[in-house]
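Right, one structure below, let's go through it.
Please treat every number below as a calculation from the coordinates, not as lab data. Since this is a predicted model, take the numbers as computed values, not measurements. Methodologically, a virtual Cβ is constructed for each residue, glycine included, from the backbone with ideal geometry; neighbour enumeration extends over all protein chains shown.
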Amino acid sequence: MKQENKLINLSYLKSISNGDNTFILELIEMFFEQVPEYQKMLHHLYNKKDWYNLARTAHKAKSAILMVGMEKLAAELKKLEENAKEEKNIHEYQEIIANFVSQSDIAIHELKLIQNKII
């Protein structure tokens, strides 16, 4: 696979899969299922001002994002998680969520291209 991806780094997936493309494809499918759900939930919880569950969802989203090597975005989600736990810097939440949605949408597109090359 050429490294034409802008956001995705499959090093972690390759290392935990021992080169098993079937396993990589399963993890990519899981990403496709989970991430849009996290996108919706983060918006919903932000609008409800449910900071406790926003922190929990940011934590889960961070794990999915790390799986595909998006460390910078994962760091932003960690910041959201920590701030929401303490209900501080609330003015930053919306921007982090918007960035998560934007970047994860690009990641989904990149993963679909990768998926098509593996299949």
### Query
Under 27 Å from the Cα of LYS60, which lysines turn up, not counting those fewer than eight places away in the same chain?
LYS6, LYS14, LYS40, LYS48, LYS49, LYS72, LYS78, LYS79, LYS85, LYS88, LYS112
### Query
What do you get for Rg/Rh of the chain when both radii come from the Cα atoms and Rh is the Kirkwood radius?
1.01
#### Entry: For the range 11-114, size of Cβ-based charge dipole, Lys and Arg +1, Asp and Glu -1, in debye
200 debye
#### Entry: FRET efficiency, 1/(1 + (r/R0)^6) with R0 22 Å, evaluated for GLU26 and ASP50 via beta carbons
0.10
### Task
Take the Cβ-Cβ distance between ILE16 and GLN94 as r, set R0 to 41 Å, and report the resulting FRET efficiency rounded to the nearest 0.05.
0.80
### Query
Given the options HIS91, HIS44, HIS109, which has the most mean-square fluctuation in a GNM of the chain, springs set between C-alpha atoms less than 10 angstrom apart?
HIS91
### Query
Residue separation times 0.36 nm, minus the C-alpha to C-alpha distance between GLU33 and LYS85: what's the value?
16.2 nm
